[in-house]
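Undergrad: Sharing a structure below in structure tokens format, with a few things to ask.
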Amino acid sequence: MDIRELEIFLTVADLLHFGRASQACNLSPSALTRTIQRLEDEIEQPLFVRDNRRVALTPAGERFRDYARRSVQEWKSFRGAVKGTEAISGTLSIYASVTAVYSLLPRLLEAFRSAHRDVQLELSTGAAERAVAQVQNGEIDLAVAALPDRQQAHLEFLPIISTPLLFIAPRQKEGLPLPLRDGQLDLRRTPLVVPQKGLSRRRLDQWLRTRRILPNITSEVSGNEALIAMVRLGCGIGIVPELVLARSPFRDEVRILETAPQLSPYVVGLCSTRRNLQRPVVRAFWQLAEKRSGVKVDF
């Protein structure tokens with residue numbers, strides 16, 4: 001066996017999914033299967049138990065995982081000592097919203113790429129509210145996500161930036177009076193465009209429940225960018241993180257409502273699993289982000 005075979009085995013052991021492991025290792029499924037079979041032939045023990053629903057390590061597989069990690073780490077330490085720096089390689093997959101890609105990740109990705117040129121970066125974009133689920137499902141190594149109100153088991157969060165939640169209205173209707181109650185926007189009579197799910201939706205729902213307000217929701221959307229577009233069209237009042245609004249192409253076509261309720265701000269950062277953070281490539285990106293983060297959050 002060689003170091004490459006050990007790295008392939010460790011990828012399968014971390015992901016517990018042959019399909020995702022073959023993509024991460026840039027191998028065909030059949031080539032990955034043959035590699036595992038060669039290792040099992042040498043050890044003379046099965047390393048994985050597979051059925052239609054799951055993949056799991058056998059007792060021999062768990063012991064071999066410890067051996068493989070030590071061997072790979074010792075090899076990398078040796079190679080790093082020869083080169084004069086610690087060598088980190090492999091694949092790192094990251095999920096983020098389009099806004100996060102434009103605003104939070106560029107300098108971080110550039111610094112990481114400069115320090116670890118042997119790492120293959122895979123970046124996926126999508127709705128911000130799907131970020132945590134992507135990590136939990138094992139589809140991604142790291143995600144840019146809103147810090148949840150409660151700590152979740154097996155997940156780690158690293159805060160990077162805090163951004164207020166803002167109520168916005170279409171600028172084209174700036175001259176029209178908004179319904180007020182005691183000097184504040186009356187959400188009983190105000191048409192609302194809200195996210196289908198996510199932290200801002202939960203914060204709004206909680207605010208409404210504590211005041212026993214039945215809102216006038218006219219539209220539900222997926223994604224903050226879509227919400228701003230709907231508000232611009234005049235579909236109602238919306239709620240969006242300031243960070244997203246600042247990067248939106250429609251930012252000059254909507255206005256911030258000063259008379260709206262004040263909700264707790266968003267704290268945005270990295271999300272990963274504790275298992276993923278044991279991988280050197282994931283840990284290296286996390287530690288780099290940690291050095292650059294200036295947000296302090298009390299858990």
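Read-outs: derived from the displayed coordinates by stated rules, not from any lab. Every value quoted in this text rests on a predicted model; they were computed, and no experiment measured them. Cβ sites come from the backbone with ideal geometry, for glycine too, and all protein chains shown count toward neighbours.
Undergrad: I'm checking a number: the convex hull volume of the Cα atoms of the chain, normalised per residue, in Å³. What is it? Please list the in-between numbers first.
TA: Details: hull volume 47.7 nm³, N = 299.
In the chain, the Cα hull volume divided by residue count equals 160 Å³.
Undergrad: How high is the relative contact order of the stretch 163-266, given as a whole-number percent (alpha carbon pairs under 8 Å, six or more residues apart)?
TA: Working: 187 pairs, mean separation 49.0, N = 104.
Over the stretch 163-266, the number comes to 47 percent.
Undergrad: Only Lys, Arg, Asp and Glu count, each charged at its Cβ (+1, +1, -1, -1), so figure out the dipole size of the stretch 163-266 about its Cα centre, rounded to 20 debye. Intermediate values should be presented prior to the final figure.
TA: Numbers: 16 positive and 10 negative charges, 70 e Å.
About 340 debye.
Undergrad: Which of the three applies to the stretch 3-83, rounded, prolate or oblate, going by the alpha-carbon gyration tensor with a ≥ b ≥ c and a/c under 1.5 meaning rounded? Before the final figure, lay out the partial values.
TA: Values: a/c = 2.03, a/b = 1.50, b/c = 1.35.
Because a/c hits 1.5 or more and a/b exceeds b/c, the stretch 3-83 counts as prolate.
Undergrad: Where does the stretch 148-299 land on Rg(C-alpha)/(2.2 N^0.38 Å)?
TA: 1.20
Undergrad: How tilted is helix 199-210 with respect to the longest principal axis of the chain? Cα atoms for both, answer in degrees (0 to 90, nearest 10).
TA: Approximately 50 degrees, to the nearest ten.
Undergrad: Another question about this same structure. Considering only Gly183, Gly138, Gly126, give the residue with the highest GNM mean-square fluctuation for the chain, with springs between Cα atoms whenever their separation is below 10 Å.
TA: Gly183
Undergrad: Sticking with this structure for a sec: Measure nothing fancy, just the Cα-based angle from helix 280-292's long axis to the longest principal axis of the chain, in degrees from 0 to 90, nearest 10.
TA: Roughly 40 degrees between the two axes.
Undergrad: Positive end of the dipole of the chain, charges at C-beta (+1 Lys, Arg; -1 Asp, Glu), about the Cα centre: which of Leu10, Gln172, Ala284 has its Cα farthest in that direction?
TA: Gln172
Undergrad: Along the charge dipole of the chain, which of Ser264, Phe48, Gln136 sits closest to the positive end, that is, farthest toward it, with unit charges on the beta carbon of Lys, Arg, Asp and Glu (+1, +1, -1, -1)?
TA: Positive-most Cα among the choices belongs to Ser264.
Undergrad: Also: Suppose every Lys and Arg Cβ carries +1 and every Asp and Glu Cβ carries -1, with no other charges. What dipole size does the chain come out with about its Cα centre, to the nearest 20 debye? List each step's numbers first, then the result.
TA: On the way: 42 positive and 33 negative charges, 140 e Å.
So the magnitude is around 680 debye.
Undergrad: Sticking with this one: Each residue of the stretch 254-259 in order: what ³J(HN,Hα) in whole Hz does its phi give by Karplus 6.51 cos²θ - 1.76 cosθ + 1.60, θ = phi - 60°, with x for Gly and Pro?
TA: Those phi angles translate into 10, 10, 7, 8, 6, 8 Hz.
Undergrad: Net charge near Ala13, counting Lys/Arg +1 and Asp/Glu -1 over other residues with Cβ under 14 Å of its Cβ?
TA: On the way: positive: Arg20, Arg50, Arg54, Arg63, Arg65, Arg69, Arg70, Arg275, Arg279; negative: Glu5, Glu7, Asp14, Glu40, Glu62, Asp66.
The answer is +3.
Undergrad: While we're looking at this one, here's another question. Looking at the P(r) of the stretch 30-137, how many percent of alpha-carbon pairs lie beyond 21 Å?
TA: Details: 3451 of 5778 pairs.
For the stretch 30-137, the share of Cα pairs beyond 21 Å comes to 60 percent.
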